[in-house]
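The values are calculated or read from the model by the stated rules, or taken from the named source; none is laboratory data. Since the model is a prediction, treat every value here as computed from it, not as a measurement. Virtual Cβ from ideal backbone geometry, glycine too; neighbours counted across all protein chains shown.
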Amino acid sequence: MKTDFFNLGFEIGGLLHLTGKQAYTCLQQGAKLVDVRADYEIAIKDFGVQNKIYCPFTASDSMLKTLPPDTPLIVADCVGLHSKEIALKLLEHGYTKIANLSGGIAAWERDGLPMSHEAETMNGQCMCQIRSRKKDARD
């Protein structure tokens, strides 16, 4: 499994986990990012990479069969919880080139990796904590 991801990452319970920097290296070498976040989460912050596939967690059962089985896939979400669940499900369905993005987009952003939305206007690492940094005009 690690060989599909250039011997990067760490394995826990049969699942490979990659840091943001490791995932970015793999994406530059041909892996694809499978983003399982909801549309409203993507509208707030998005991974600034071209080779990504949107597969919302709520629609994952029907979309999993459409993912390329021979391409290394890095599953990502906000903080790494739903992505881990989807990555394990992919392994159960016979996919072998699967990794989880440890820490999700929160860790990705913290590592200073490319974002396609203005990250400076938002604050918080979890969707339940994200709020605008801009002051309300009434303040």
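Residues of the range 78-96 being assigned to a helix (DSSP H, G or I) and either among the polar types (S, T, N, Q) or in contact with a helix residue (DSSP H, G or I) (Cβ under 7 Å, 6 or more places away or on another chain) (or both), which ones? Those that are assigned to a helix (DSSP H, G or I) and either among the polar types (S, T, N, Q) or in contact with a helix residue (DSSP H, G or I) (Cβ under 7 Å, 6 or more places away or on another chain) (or both): H82, S83, I86, K89, L90. In contact with a strand residue (DSSP E or B) (Cβ under 7 Å, 6 or more places away or on another chain) and either part of a loop (DSSP other than H, G, I, E, B) or farther than 18 Å from D111 by Cβ (or both): is that true of T58 in this structure? So T58 fails the test.
Can you tell me which of V75, V49, V34 is aliphatic (A, V, I, L, M), modelled with pLDDT of 95 or more and assigned to a loop (DSSP other than H, G, I, E, B)? V49 is the lone residue from the list that is aliphatic (A, V, I, L, M), modelled with pLDDT of 95 or more and assigned to a loop (DSSP other than H, G, I, E, B). Checked against the criterion of being at pLDDT 95 or above, of a type in the set (S, T, Y) and closer than 16 Å to G20 by Cβ, the range 97-106 has at least one qualifying residue.
Which of the residues that make up the range 11-31 are free of Cβ contacts under 8 Å to residues at least 24 places away in the same chain and either of a type in the set (G, A, S) or under 18 Å from T71 (Cβ atoms) (or both)? Once the filter is applied, which keeps residues that are free of Cβ contacts under 8 Å to residues at least 24 places away in the same chain and either of a type in the set (G, A, S) or under 18 Å from T71 (Cβ atoms) (or both), the range 11-31 yields G13, Q22, T25, Q28, Q29. Considering only residues in the range 97-115 that are among the small types (G, A, S) and assigned to a helix (DSSP H, G or I), the one that is surrounded by the most Cβ atoms within 10 Å (Cβ to Cβ) turns out to be G104.
Restricting attention to the range 34-58, the residues being in contact with a helix residue (DSSP H, G or I) (Cβ under 6 Å, 6 or more places away or on another chain), within 17 Å of K89 (Cβ to Cβ) and aliphatic (A, V, I, L, M) number 1. Restricting the range 5-31 to residues that are small (G, A, S) and in a helix (DSSP H, G or I), the residue that is surrounded by the fewest Cβ atoms within 10 Å (Cβ to Cβ) is G20.
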